[in-house]
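Peer 1: Before I ask anything, let me first share the structure, which is written out below as structure tokens.
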Amino acid sequence: MAALSIGCTFSDRIEALLDGRVRIPGHMADLHVVEPQRLFRAVLRDAAYDVAELSMASHIAAVAAGRRDYVGVPVFLSRSFRHANLYVRTDRGINRPEDLAGRTIGLIDWQQTAALWLRGILADEHGVSRESIRWVAAGLHTPVLDNRTSLSLPDSIHLERSPATLDALLAEGAIDAIISPGVPRCFLRQTAPVARLWEDPRAAEVAYWQRTGIFPIMHVLVLRRTLAEAHPELIDAIYTAFDEARRLAAADVMERDFPKLTLPWITTHATLSRGALGGDPWTYGLDANRAVLTTMLRYAEADGLTSGNIGLPDLFDLPLLSTCNHRRDAGA
């Protein structure tokens, strides 16, 4: 039985693979749970795993740069609305998204998918162009002195990296806002005049869903290309296993009568979420996610991560996917 090294962040979507309820036929899964930023750098710099969860924006940028270490598998382990992840100084007259034009905004990495989505939303829905912003990259609470991979952005994008932290820069007033999936301490502790831009982010996110039908993809699963080319049936086996693990996780949330999370009313919350989104939006496969992925490619081009030279066939290598049993999800 061949061993597959798998690097993932922890989530209920991989729990059944971790505890052995779901297996990849013919393969022993050597599954490593790794913190996201460390995982992404290990994959991008060292191709550290046979199968890995990867930032979707980083996968797009890597393919656009000619990297062929991995092929995408249409398994989207992380998805999240991101309106709650934009924090602003409340003493700068920033009361609505349009007020961010001409400001200085911090982010963890230009390739970070959360930042890709919020840059796109600000431009599409509020007329705030990327070029109007001074962008500062830094770690949230620990300094990060380099990008995940080298960047070659157009001159119209103004990006610099700071040796300070986003939390410190925001607290000191050196920047006007940050985009961060992690919550800045100065917001949590209320040690600086900082608030979320959208006062009711859930309402903003539901409204966004109703306008667009988009539940943003954050992470994608990738498979080492040499393995995919030598054993194309492995793509289908991996897809099927991860999709079954996702299905079990979704059922668990809806059906379990004792809480797996330290939250009351989990089933009620899950029911309300499905009602707001018209069912379970956590789908895998290309056909169900074509509009979301096409939007991401458009944002990536506007961000300077691509030159418009790639499409879905490049990200997921459709000739390889077409050999799989789920080829209905991999249409040309």
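Peer 1: Would you mind finding the one in L159, L86, L100 that is within 19 Å of the chain's Cα centre (by Cα), on the phi < 0 side of the Ramachandran plot and not charged (D, E, K, R)?
Peer 2: That would be L86, the only listed residue that is within 19 Å of the chain's Cα centre (by Cα), on the phi < 0 side of the Ramachandran plot and not charged (D, E, K, R).
Peer 1: Would you check if there is a residue in the range 222-232 being modelled with pLDDT of 90 or more, within 25 Å of L18 (Cβ to Cβ) and assigned to a helix (DSSP H, G or I)?
Peer 2: yes
Peer 1: For the condition surrounded by fewer than 18 Cβ atoms within 10 Å (Cβ to Cβ) and in contact (Cβ under 8 Å) with a residue 40 or more places away in the chain, what is the one hit in A115, A57, A64, A47?
Peer 2: Unique residue meeting the criteria: A47.
Peer 1: Which ones in the range 284-316 are without any contact (Cβ under 8 Å) to a residue 40 or more places away in the chain and not hydrophobic (A, V, I, L, M, F, W, C)?
Peer 2: Within the range 284-316, R290, T294, E301, G308, G311, P313 meet the criteria.
Peer 1: Sticking with this structure for a sec: Filter the range 158-211 down to the residues that are crowded, with 17+ Cβ neighbours inside 10 Å and assigned to a loop (DSSP other than H, G, I, E, B) and list them by number.
Peer 2: I175, D176, S180, P181, P184, A192, L197, W198
Peer 1: Right, here's the next one. Filter the range 170-198 down to the residues that are free of Cβ contacts under 8 Å to residues at least 24 places away in the same chain and in contact with an Asp or Glu (Cβ under 8 Å, 6 or more places away or on another chain) and list them by number.
Peer 2: The one that is free of Cβ contacts under 8 Å to residues at least 24 places away in the same chain and in contact with an Asp or Glu (Cβ under 8 Å, 6 or more places away or on another chain): C186.
Peer 1: Moving to a separate point now. Just to check your reading of the model, which residue among A168, A62, A114 is over 21 Å from the mean Cα position of the chain (by Cα) and on the phi < 0 side of the Ramachandran plot?
Peer 2: Of A168, A62, A114, the one residue that is over 21 Å from the mean Cα position of the chain (by Cα) and on the phi < 0 side of the Ramachandran plot is A168.
The values are calculated or read from the model by the stated rules, or taken from the named source; none is laboratory data. Note that this is a predicted model, so its numbers are computed, not measured. Don't worry about glycine lacking a Cβ; one is built from the backbone with ideal geometry, like all the others, and counts go over all protein chains shown.
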